[in-house]
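Everything below concerns the one structure shown next.
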Amino acid sequence: QMNLPTALSMFSDASDAEGKTLKALTSLALLQRDSGTVTFLNNLYVDSPANIWDARDVGYSPNPSQPDPFRAQNNPNAKQVIDIVKNTHLPVYQQAETDLSFFTSDSLLVPLGRSETGYPDISMDRGDILMIRALLACGRGVAYLINSQNSNILINEFVSLTEEPGPVTIERFLVKFADAGKLAHPTDLPLARQEFKNSISLYKQSIVTGK
């Protein structure tokens, strides 16, 4: 984990497919350290957010200071999540797509160590890269979709709604958050639609390549 920034600087000027692939995957791994993401997770009492890539090894333990009933710290709202995804994560997803698109060889294998990704050592082929690109396209689609909606919803108010008697229906949700059904950025909807189409196309390519 301590080697991730060093690894990214090593690959930042890469011009070949292997180097660009390592640059893309390292930049994605480093999103775990984004200060806005970490702060937001801490407000939700999520422990060890900086170890998210090691979760399968170290796991997560409940934060003993989490209140019961649960209430987030510092009164966060859903718009903060969207701002983080749109302004911090989305540009990394976009640059990663540009870099990963250079991986066109069916014979190339890119070895990855824990210093690049935080995962145990593996090797990736074109099918793996196409699958990652499909996931990134889906992530970009989700970013555009949620950014198109009015999302200034206080998380603690939503938690309070879930604690009221009866199921949380769409009708009850819209009574509580009337503006949630309105579009904030309608021009993002066609962008989301196109990214979802891209995701499906890349997924199909990855299946064919993997056979």
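Points to keep in mind about this one:
- Crossing angle, helix 17-29 versus the chain [Cα axis fit, 0-90 degrees, rounded to tens]: 20
- Accessible-area composition of the chain, carbon plus sulfur, in percent [1.4 Å probe]: 58
- Under 20 Å from the T209 label point (7 Å along Cα→beta-carbon), backbone N, region 119-161: 122-141
- Ordering 103-110, 165-172, 30-37 by mean Cβ neighbour count within 10 Å, with the highest value first, yields 30-37, 103-110, 165-172.
- Between the helical axis of 126-148 and the longest alpha-carbon principal axis of the chain there is an angle of about 30 degrees.
- Helix 90-100 axis versus longest C-alpha principal axis of the chain: approximately 20°, rounded to the nearest ten.
The values are calculated or read from the model by the stated rules, or taken from the named source; none is laboratory data. What you see is a predicted model, and the numbers here were worked out from it, not measured in a lab. Note that each Cβ is placed from the backbone with ideal geometry, even for glycine, and that neighbours are counted across all protein chains shown. For accessibility, only protein heavy atoms count, side chains too; no ligands or nucleic acids. Shrake-Rupley method; radii C 1.70, N 1.55, O 1.52, S 1.80 Å.
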